[in-house]
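The values are calculated or read from the model by the stated rules, or taken from the named source; none is laboratory data. Bear in mind the structure is a predicted one, so any value in this text is a computation, not a measurement. Reconstructed Cβ throughout: ideal geometry from the backbone, glycine too, with neighbour counts over all protein chains shown. These area figures cover heavy atoms from the full protein model, side chains too; ligands, DNA and RNA do not enter into them. Shrake-Rupley method; radii C 1.70, N 1.55, O 1.52, S 1.80 Å.
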Amino acid sequence: MTLEILDSAVLVRGISPVLEVPFTADGAVDYDGFDRVVRYVLGTGVSSVMFPGFASEFHKLSEDERAALTEILLGHTRHRPDVAAIIAVQDHATRLAVHRAEAAVAAGADLINLLPPHFLSPSRRSLIQHIEAVLAAVDPVPVVLQYAPTETGTSLDADVLGTIQARHPNLRLVKVESSPPGPLIAELAARTPPLPAVEGYAGVQLPDAVRRGAVGSQPGCSMTELYVEIWRLLSSGDPGDWEAGYDLHRRLLPYISYWMLDTERIIAAEKLISTRRGLFSSPHCREPAHHLDPEEVATINRFLTEFAAYLPPL
């Protein structure tokens, strides 16, 4: 059983999308729409997905909504050995984080994604204690530690992460969302043993992350096919494919670099992309939210035209 659980970490390779949560026009959760999101993303051939993250508007979901959405996801993944569901834990109280992580594992989560607490600037010592408490509680289930300093202000480094890994081998991956992510990804890859990293932040620095040893990327999910193709080309080992992947990413970069100027903006942009593709009916984001202006909407229209060959109607 232990070997089977630990092996789920090797499924977190390539593109590992963070699932968005559709809402109806009046702000209610669109559960049928979320089911379509799960089916669509798994249908692109990815081997792992993460939920809920910033792209899921996790901070705007009630506990009941979050539980129901998680069950929809796990209903698709818990009996599939080829797909890993990474269930996120963002609670700031260690007791609550431990409880949520244990409950997620009991429900069928393959991995836990842990976002360390950040409200009121907890000390590094308390951050480490929090991380290690969750790791110990779910051992041997693998954990992805999410390092998102822009969103959280948290400061960690490769030595600290390596020390935690030495005490808790079920720390299997780090999601690196520092800017730029490459140096930390390379430091983690150079450790003995290596600590694999996945890149986040919408894939803005994806080519550099691949060069430095990233094993995957966790963008949003509205354009999964496009990210899958970029990853395929960049990671094939063929110089011609690398150039093609770099060029495809270069074309994508003006869009995602603008949308990632703030988290709410890219959430709104990806939801409009999903609705334009026919994935669900409303691009509603729960308030407070970013409201796309006419030029931003026009940019999304240009994006969908430019990448129509990769992003067909759903």
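Worth a mention:
- Test: residue in region 41-48 that is within 16 Å of the chain's Cα centre (by Cα) and open to solvent by less than 10 Å² (accessible area, probe 1.4 Å): yes
- Any hit, region 66-83, residues being acidic (D, E) and farther than 26 Å from V176 by Cα: yes
- Condition met for P196 (open to solvent by 20 Å² or more (accessible area, probe 1.4 Å), at pLDDT below 95 and within 24 Å of G237 (Cβ to Cβ)): no
- Some residue of region 93-105 being open to solvent by less than 20 Å² (accessible area, probe 1.4 Å) and of a type in the set (V, I, T): no
- The set of residues in region 33-68 that are over 22 Å from P219 (Cα atoms) and either part of a helix (DSSP H, G or I) or acidic (D, E) (or both) comprises E63, D64, E65, A67, A68.
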